Amino acid sequence: MDFKKHIRTVPHFPKKGIMFRDITTLLKDAEALQKVTDEMVDYYLKKPYKIDKVVSAESRGFIFGAILAKELNAGFVPLRKPGKLPAKTIREEFDTEYSRDAFEIHEDAIKKGDKCIICDDLLATGGTSKAAVKLVERLGGEVKGLFFLIELDFLKGKEKLKGHDIFSLINYEKE
């Protein structure tokens with residue numbers, strides 16, 4: 001299935017010059033969502049290790065992360081914006097394509113040696129994903145791979161994630 005045809009591009013959102021890749025058009029199509037889910041899950045079921053936790057970034061990453069965690073019989077760990085988690089957290093700041101932000105994770109979300117997949121809807125500059133990797137590693141987890149529905153190749157986010165297994169289903173080579 002050509003997943004790209006299910007993605008809507010919204011020019012100049014959230015600011016001028018950004019071509020926003022809207023996944024809601026894929027999410028509302030039951031067949032496309034099922035096929036994305038199947039490909040994502042199949043990729044990780046073929047790995048020679050069991051995943052303990054799927055770590056996902058707020059908020060669209062939660063959609064795919066929860067599905068992946070359920071299908072892999074793994075725990076789900078949310079990365080949230082500052083002040084959104086109720087217990088003790090650690091924090092990592094990052095730069096995105098158009099802003100500066102931070103993620104927090106509960107200190108007890110990941111145990112030393114947990115094998116983790118980081119799951120998000122989009123890889124752009126790699127800032128959010130690099131922050132996610134740092135948080136998992138600071139808690140003693142092992143990042144076994146990163147899943148993205150969409151990768152914006154031209155922003156070279158993969159370069160910040162060298163040494164990690166990256167799996168993306170939709171690639172955009174140019175804006």
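The values are calculated or read from the model by the stated rules, or taken from the named source; none is laboratory data. Nothing here was measured: the structure is a model prediction, and the numbers come from that model. Cβ: placed from backbone, ideal geometry, glycine included. Neighbour counts: every protein chain shown.
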Point to revise | Leading residue by the ranking (nearest to Lys134 (Cα to Cα)) among those in segment 73-103 that are of a type in the set (D, E, K, R) and not in a loop (DSSP other than H, G, I, E, B) | key: Glu92
Check your understanding: Can you find a residue in segment 79-97 that is exposed (fewer than 13 other Cβ atoms within 10 Å of the Cβ) and of a type in the set (Ser, Thr, Tyr)?
Key -> no
Practice item. For segment 104-153, name all the residues that are at pLDDT 95 or above, surrounded by 21 or more Cβ atoms within 10 Å (Cβ to Cβ) and assigned to a helix (DSSP H, G or I). Key: Ser129, Ala131, Ala132, Val133, Leu135, Val136
Exercise for review: Could you please give the count of residues in segment 16-51 that are within 19 Å of the chain's Cα centre (by Cα) and either part of a helix (DSSP H, G or I) or without any contact (Cβ under 8 Å) to a residue 60 or more places away in the chain (or both)?
Suggested key: 20
